[in-house]
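Student: My questions all concern the structure below.
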Amino acid sequence: MNRTIASGLTSALLVGGLAVGTSSASAAPMGCTDAGHKGYTISDKSTVYPGTNLFSDWVPDTNSSVSYEHSATGTLTASGTAGVEAEAGAIFAKASTSFSVTVGKSWSHSQSWTYTLHPTDKAGKKWVRMRLFHEAKKFKAQKWIVVNQGGACKTQTVWTKWFTAPVTKNSNYWNLEYK
């Protein structure tokens, strides 16, 4: 008798388990409520100092000094924005937060400069000039979108691009270039 009751309980549990499993399997999967959400990820960050549009004439590096005296506007424009011009503002805002310093599409500053630097002898180089360099942030930006894939939210990459964006503060230095 004990065996019959145990067998009956086992059958009832299996049938009950099968019934629950069947009803769950036949239910429609839940949709991804975040589908269509877009954003940017900033990675591979570094600080660089690209040359600006301000530089002296080339002079023979036999000179003991190179001077630059000029009233002008130094400028530097972001690179990497081709094809994503409409999104540049959002990308630079995300990068500014990521770097904790404001970056933008361009930087310019008007001033009178007078600097003198002393070149060192560079093997194989015969000419030298002074150039203004400005701080910029180099980074990889990735645009992503959330898609509904079989009821589950999946992040899909739309594009990945490299950018170099000047900081908006005056963070400059003069240095020598050789050729």
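The values are calculated or read from the model by the stated rules, or taken from the named source; none is laboratory data. Just so it is clear, the model here is predicted, and its values are computed rather than measured. Positions of Cβ are backbone-derived with ideal geometry, glycine not excepted, and every protein chain shown enters the neighbour counts. Surface areas here come from the heavy atoms of the whole protein model, side chains and all, with no ligands, DNA or RNA. Shrake-Rupley method; radii C 1.70, N 1.55, O 1.52, S 1.80 Å.
Student: Is it the case that some residue within segment 152-159 is open to solvent by less than 50 Å² (accessible area, probe 1.4 Å), touching a residue at least 12 places away in the same chain (Cβ under 8 Å) and among the small types (Gly, Ala, Ser)?
Tutor: So far as segment 152-159 goes, yes, one or more of its residues are open to solvent by less than 50 Å² (accessible area, probe 1.4 Å), touching a residue at least 12 places away in the same chain (Cβ under 8 Å) and among the small types (Gly, Ala, Ser).
Student: If you take the residues of segment 113-128 that are open to solvent by less than 30 Å² (accessible area, probe 1.4 Å) and of a type outside the set (A, V, I, L, M), which of them is farthest from the chain's Cα centre (by Cα)?
Tutor: Checking each candidate, the answer is 119.
Student: Which residues, taken from segment 93-104, are surrounded by 15 or more Cβ atoms within 10 Å (Cβ to Cβ) and assigned to a loop (DSSP other than H, G, I, E, B)?
Tutor: Residues satisfying the conditions are 101, 102, 104.
Okay, residues lined up against (1) open to solvent by 80 Å² or more (accessible area, probe 1.4 Å); (2) modelled with pLDDT under 90:
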site: 66; (1), (2): no, yes
site: 73; (1), (2): no, yes
site: 86; (1), (2): yes, yes
site: 150; (1), (2): no, no
site: 164; (1), (2): no, no
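Student: Taking residue 44 as the residue in question, decide whether it is under 24 Å from the mean Cα position of the chain (by Cα), modelled with pLDDT of 90 or more and assigned to a loop (DSSP other than H, G, I, E, B).
Tutor: Judged against the criteria, residue 44 is not a match.
Student: Then there's this: May I ask you to list the residues in segment 129-148 that are of a type in the set (Phe, Trp, Tyr) and either free of Cβ contacts under 8 Å to residues at least 40 places away in the same chain or open to solvent by 30 Å² or more (accessible area, probe 1.4 Å) (or both)?
Tutor: Once the filter is applied, which keeps residues that are of a type in the set (Phe, Trp, Tyr) and either free of Cβ contacts under 8 Å to residues at least 40 places away in the same chain or open to solvent by 30 Å² or more (accessible area, probe 1.4 Å) (or both), segment 129-148 yields only 144.
Student: Quick one: in segment 105-120, which of the residues that are polar (S, T, N, Q) and in a strand (DSSP E or B) is nearest to residue 139 (Cα to Cα)?
Tutor: Out of the qualifying residues, it is 106.
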